Structure formats: structure tokens, C-alpha cells
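All remarks here apply to the structure that follows.
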Amino acid sequence: QVQLVESGGGLVQPGGSLRLSCAASGSIFSIYAMGWYRQAPGRQRELVAVISSGDSTNYAHSVNGRFTISKDNAKNTVYLQMNSLKHKDTAVYYCNINGPGYTYWGQGNQVTVSS
């Protein structure tokens, strides 16, 4: 049984920083990519950032230059460093891991940017 456990969300003022972590436990093999998605109230879930097994990265235009995705293969953990946070970054953030025939989601972690 694979489980993704997220941590690091919370309340931050505009311009502040947060770091999200997502640790995967269980039998995971041949990971294609690890990523972060977010869903704001009344909106569809959207891709924030993704990192491939070969370490190539891709970001949503709205976070490019402010967010950085990274991973630790030995720990099956993916991180999202979020800097210069804005009100519009407020959402529930979900991590995702996918591979051949599978995709797993974290439980979701609330990030609120407010003064």
C-alpha cells in the first residue's frame, strides 16, 4: 500500500515563503514524475510544478520564478519551495507521483496567503 504524506502548509503573509514536503512510503517503482497541483475554492485542480525522473522541471506560468520543485530519490520525497507568495496562491496543494500504470495523490495541504 502506497501512501503519500504531505507537510509544510499553513498561513503566511504576502511576500512570505513556505516549503511543502511529500514523502512516499510503500512499494514504488519506476517513478515517471513527481509533482504538485493545487485547487482553489470554485476552481479546477491545476498543475503547479512537476519534476521528471531525469530531473527536468516544468512550472505553471503563474509560479515560474517564485516556486522551485526538487526531490530526494533516496527518500522518495518531493519538495516545493514557495517564495514571494501572493494571495492568489491560496489553495489546497496536492502532491502526485506517477509511474507505469499508477498515480498516487497526497491528502492535500492548505496554503493560505493573507495579511
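The values are calculated or read from the model by the stated rules, or taken from the named source; none is laboratory data. Source: prediction; values computed, not measured. Positions of Cβ are backbone-derived with ideal geometry, glycine not excepted, and every protein chain shown enters the neighbour counts. Note: accessible area is taken over every heavy atom of the protein model, side chains too, but ligands, DNA and RNA are not part of it. Shrake-Rupley method; radii C 1.70, N 1.55, O 1.52, S 1.80 Å.
Across the stretch 67-72, rounded Karplus estimates of 3J(HN,Hα) from the backbone phi angles (6.51 cos²θ - 1.76 cosθ + 1.60, θ = phi - 60°) give 10, 9, 9, 8, 8, 10 Hz, Gly and Pro being marked x.
For the chain, the pair-distance distribution built from all alpha carbon pairs, in bins 5 Å wide starting at 0, is 2, 12, 24, 26, 19, 10, 5, 1, 0 percent. What number comes out for the charge environment of Asp89, summing +1 per Lys or Arg and -1 per Asp or Glu over other residues with Cβ under 12 Å away? Here the count lands on +3. Rolling a 1.4 Å probe over the protein heavy atoms gives the stretch 21-115 an accessible area of 51 Å² per residue. Electrostatic tally near Asn109: other residues with Cβ closer than 15 Å to its Cβ, Lys and Arg +1, Asp and Glu -1, net +1. Amide H contacts of Asn58 (H built 1.01 Å from N, in plane; Pro and chain starts excluded): Val50 sit under 5 Å, all sequence-distant by 5 or more or on other chains.
Taken over the alpha carbons of the stretch 10-49 as equal point scatterers, the Debye sum produces base-10 log I(q)/I(0) values at 0.21 Å⁻¹ of -0.95. A 1.4 Å probe, protein heavy atoms only, puts the accessible area of Glu46 near 70 Å². Here the 3J(HN,Hα) profile of the stretch 51-61, calculated from phi with Karplus coefficients 6.51, -1.76 and 1.60 at θ = phi - 60°, is 10, 8, 4, x, 6, 6, 10, 8, 10, 5, 4 Hz, Gly and Pro shown as x. Out of the total accessible area of the chain (probe 1.4 Å, heavy atoms of protein only), what percent is carbon and sulfur? Carbon and sulfur: 46 percent of the exposed surface of the chain. With both labels modelled 7 Å from their Cα along Cα-to-Cβ, the Ser114 to Glu46 distance reads 2.1 nm.
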